[in-house]
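The values are calculated or read from the model by the stated rules, or taken from the named source; none is laboratory data. Keep in mind it's a predicted model, so treat the numbers as computed, not measured. Neighbour counts are summed over all protein chains in view; Cβ atoms, including those assigned to glycine, are modelled from backbone coordinates with ideal geometry. Accessible surface areas use protein heavy atoms only, side chains included; no ligands, DNA or RNA. Shrake-Rupley method; radii C 1.70, N 1.55, O 1.52, S 1.80 Å.
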Amino acid sequence: MPVPKSDPIFSPLNEPQKKAVEHTNGPLLILAGAGSGKTRALTHRIARLMQDGVKPWQILGVTFTNKAANEMKERIKNLLHITQGEDLSEVGKKSAKLPVMGTFHSVCARILRRDYEHLGRDRNFVIYDQSDQERMMKETMREMGIDVKELKPRAVLGYVGRFKCEAVYPKEAQRDATSDRMQKVIDCYAKYQGKLKEANALDFDDLILEAVRLFHEVPEVLDRYQEMWRYLHVDEYQDTNHSQYLFVTLLAKKYRNLCVIGDPDQSIYAFRGADIRNILEFEKDYKEAEHIKLEQNYRSTQLILTAADGVIEPNPNRPKKKMWTEQKEGPKVTVHEVEDQKAEAMEAIKKAEELKKEGLSLNDQVILYRTNAQSRLFEEACMRAGLPYRIVGGVKFYQRKEVKDVLAYLYVILNPYDTISLLRIINVPSRKIGKTTIAKIQAFGANEGMPLWDCLSNVEKIPDLNEATANRLYKFVELIEKLKEVSQHENVSHLTSQLLEAVDMEGWLRDDTEEGETRWENVKELTTVMKKYDTLDPETSLTSFLEEVALVSEVDKLNDATDDALTLMTLHLCKGLEFEHVMVVGCEEGLFPHANSSFDREQLEEERRLMYVGMTRAKKHLDIMFARERMLWGETQANAPSRFLDDLPEDVIERRSDDMLSVFAWVSEKGRQKAVKGEVEEIKNRQHLNVEFNQDVGADELDVNQDIGHELEEDMRIEHPVFGTGIITKKRGDIVDVRFDNGERKSFALSIAPLKPL
């Protein structure tokens, strides 16, 4: 029976999307290619369930960004003409008009806020961000007498994060203690967890891990949530890690109404613990699952899709799908060869300016690069051209010092045992409480086995403190206790107003300089964010606001930008976004694909998926750039063009070069390839190009192997897959000199060189 045009749920959908919406009970796997309208399919499916009588509080939607969750809520409201929003005050409230929708972290935080006491923990925990975690780990290692030069806190946290993603606790991690170094890491993990518990704090990975533990150890709590959330929806399922998989599996076990949607070709977060097997093996876990493919693309032209399909096709073990679109026409994909990295930046900015003159706003254009180190030249080129730009991945709003200071006060008001926040604000604004005083208090606490807050509350018992210092500490404790009392009957914005006035934050920040004015404006902007929580009861108002701050990502805020500016970002951050014009730069062997992937098949497959993700962000214009030579960290390398470029179908690309000889080289090379039968050998040869990767790509690289680089120091024994074993003779910044056992000497950049400690 045809769907009436007036039907808001079914009429805008294509046939596979309709099938996904019509399926209501039992497991469902939706393979949704890039730009195939998966958000529409998911929201219309949820709206259909509600229209058929399923209560909103019986539906859970898990997304990977707050932006996606909010977009889905708005669409459902519009589809069903709902005027009242989500009730933030309670999970599963039966008066709610909308389902609970959010990220894994935000959903698990809500569960723990409600039920953490079943595990003997306080519900008023604080959530530590990355900088808080690093401070806590440094403190942990200091107490353990571990030299941070010997073992970097960030490297230890990298291991800890991977353990937690795999749902491995310190006791279970002991099986991985195969070296003294790893034993230290696991000891740090155990001590760090103890310190988090003492501070009544959780880090991001704990939120999911503790929710899973709650479900395992308190079956009646799991049963309550299984009864509440009978219909589960998980977006971006290819990016779930093992802890998230366990969380979803436990919730779905009773009713098995689990709908997962995603695309294995877009799984690019293995370095964060994402396990592509979760989506590839879904039908093994749910043998009765229905399987639907969304292959019609609504974003890109056919030329872009054909080019992207050419790049992803060589990856093995992927569910076959062929993306297509009704947008057949458009400009060809440009593959642009330039002389060096400076010429690349100039050409990219020139192209952005040309399209701007043709009416395409800068907000609709993006430059995507593999490593953070590449951004500098594009920034400089933008500045020279007077072109406004924004970098996604720079200093985030919530990481600015003055903002972190105010947030630390709120964390301490919520939970005075949050030692990290307490140490941050004890002398902000200045109270003449210096490092010597704090060291005395901490020494007293260590001797007495007393948390920092209890020490401050018993300041008269601390020896060697003069009367003036003791009085200042007493007044600080008095201030926190007074504000804690205020928090019981005032919402977060009113509480913060009283806090700022009590400590004269405005007077402290506004020091008659432009920077001081900006700092105060940032604090005022923070109070603006709080206003949306004014309708909640005081305790919920404070905890809900602090959760948003802790769990928000910078990509969530990208669409809030009002100024017209060119976006610069790494490929890992572009997931879920779309632009009219995309420029993927630095497409050379050793840079993209990254050198770390050259001897690892799975990593190389992920690099290919990363290229696919970058290309499919483009709606109409796609430029791919590579340089004949590139200088990073003062060293020039002439690397071959990325192997991914060889897989681009010739009929959808246009090649450009600032060297006419290259044009003839391309033509003759293509002729040679057609004449040669042994393509397998050619691929093998290509994989062994560039074995000496002594070119640096930046220490801030988003790569799971970056932590190894931080660990390597002078006089350490290492292994290289080509040159064998050797010893590091010198380290300067991110560059190491190595003397190999065969007598060879080489220099390497730690951020890309495949060196492993022995």
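The requirement of being assigned to a helix (DSSP H, G or I) and either surrounded by 16 or more Cβ atoms within 10 Å (Cβ to Cβ) or of a type in the set (D, E, K, R) (or both) is satisfied by Leu645. Cβ-Cβ under 8 Å, sequence separation 6+ or interchain: first residue in segment 49-78 and closer than 12 Å to Lys97 by Cα, partner charged (D, E, K, R) and at pLDDT 95 or above. Which pairs? As it stands, the answer is Val54/Arg230; Gln58/Arg230; Ile59/Arg230, since those pairs meet every condition given.
The residue pairs whose first member lies in segment 16-34 and is small (Gly, Ala, Ser), whose second member is assigned to a strand (DSSP E or B), and whose beta carbons are closer than 6 Å, counting only pairs six or more residues apart or on different chains, are Ala20/Ile30; Ala20/Ile292; Ala32/Ile261; Ala32/Leu294. Within segment 483-527, the residues that satisfy the criterion of being surrounded by 13 or more Cβ atoms within 10 Å (Cβ to Cβ) and either in contact with a His (Cβ under 9 Å, 6 or more places away or on another chain) or basic (Lys, Arg) (or both) are Lys484, Val486, Arg510, Arg519.
Listed here are the residues, each with its yes/no results for (1) in contact with a strand residue (DSSP E or B) (Cβ under 8 Å, 6 or more places away or on another chain); (2) modelled with pLDDT under 80; (3) over 28 Å from Arg40 (Cα atoms).
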{"residue": "Thr540", "(1), (2), (3)": "no, no, yes"}
{"residue": "Leu546", "(1), (2), (3)": "yes, no, yes"}
{"residue": "Ser553", "(1), (2), (3)": "no, yes, no"}
{"residue": "Ala561", "(1), (2), (3)": "yes, yes, no"}
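Checking Asp180, Asp203 one by one, the residue that is open to solvent by less than 50 Å² (accessible area, probe 1.4 Å) and acidic (Asp, Glu) is Asp203 and no other.
Give the residue that is farthest from Leu536 (Cα to Cα), with candidates limited to residues of segment 66-101 that are at pLDDT below 85 and of a type in the set (Val, Ile, Thr). The selected residue is Thr83. Residue count for segment 460-479 satisfying the condition of being farther than 21 Å from Leu414 by Cα and open to solvent by less than 70 Å² (accessible area, probe 1.4 Å): 5. All told, Glu117 meets the bar of being modelled with pLDDT of 95 or more, open to solvent by 30 Å² or more (accessible area, probe 1.4 Å) and within 20 Å of Tyr417 (Cα to Cα). Only a single item in (1) open to solvent by 20 Å² or more (accessible area, probe 1.4 Å); (2) within 29 Å of the chain's Cα centre (by Cα); (3) among the acidic types (Asp, Glu) is not met by Asp263, and it is number (1). Checking the stated criteria, Ile413 turns out to be at pLDDT 95 or above and under 31 Å from the mean Cα position of the chain (by Cα).
Yes or no: Lys171 touching a residue at least 24 places away in the same chain (Cβ under 8 Å), over 19 Å from Tyr245 (Cβ atoms), open to solvent by 30 Å² or more (accessible area, probe 1.4 Å) and over 24 Å from the mean Cα position of the chain (by Cα)? No; evaluated as a whole, the condition is false for this residue. The residues in segment 717-758 that are modelled with pLDDT of 75 or more, crowded, with 18+ Cβ neighbours inside 10 Å and within 34 Å of the chain's Cα centre (by Cα) can be counted, and the count is 7.
Output yes when any residue across segment 592-604 is within 20 Å of the chain's Cα centre (by Cα), assigned to a helix (DSSP H, G or I) and closer than 27 Å to Thr325 by Cα, and no when none is. Within segment 592-604 (the criterion being within 20 Å of the chain's Cα centre (by Cα), assigned to a helix (DSSP H, G or I) and closer than 27 Å to Thr325 by Cα), the answer is no, since none of the residues qualifies. The requirement of being of a type in the set (Lys, Arg) and either modelled with pLDDT of 90 or more or in a helix (DSSP H, G or I) (or both) is fulfilled somewhere in segment 103-112, by at least one residue. Please name all residue pairs, on different chains or six or more residues apart, with Cβ atoms under 7 Å, provided the first residue is in segment 301-328 and is modelled with pLDDT under 90 and the second residue is in a loop (DSSP other than H, G, I, E, B). Filtered contacts from segment 301-328: Lys321/Gly33; Lys321/Glu295; Lys322/Glu295. Filtered by the rule that a residue be of a type in the set (A, V, I, L, M, F, W, C) and assigned to a helix (DSSP H, G or I), segment 605-627 gives Leu610, Met611, Val613, Met615. Taking strands (runs of 3 or more DSSP E) as the structural unit, those lying wholly within segment 285-374 and holding at least 2 residues that are open to solvent by 20 Å² or more (accessible area, probe 1.4 Å) correspond to 290-294. Among the residues of segment 631-649, those identified as modelled with pLDDT under 95 and among the aliphatic types (A, V, I, L, M) are Met631, Leu632, Ala638, Ala640.
When Thr436 is tested against (1) touching a strand residue (DSSP E or B) at 6+ places or on another chain (Cβ under 6 Å); (2) open to solvent by 30 Å² or more (accessible area, probe 1.4 Å); (3) polar (S, T, N, Q), only condition (1) is not met. Any residue at all in segment 379-391 that's over 24 Å from Phe626 (Cβ atoms), in contact (Cβ under 8 Å) with a residue 40 or more places away in the chain, open to solvent by 10 Å² or more (accessible area, probe 1.4 Å) and not hydroxyl-bearing (Ser, Thr, Tyr)? Yes, segment 379-391 contains a residue that is over 24 Å from Phe626 (Cβ atoms), in contact (Cβ under 8 Å) with a residue 40 or more places away in the chain, open to solvent by 10 Å² or more (accessible area, probe 1.4 Å) and not hydroxyl-bearing (Ser, Thr, Tyr).
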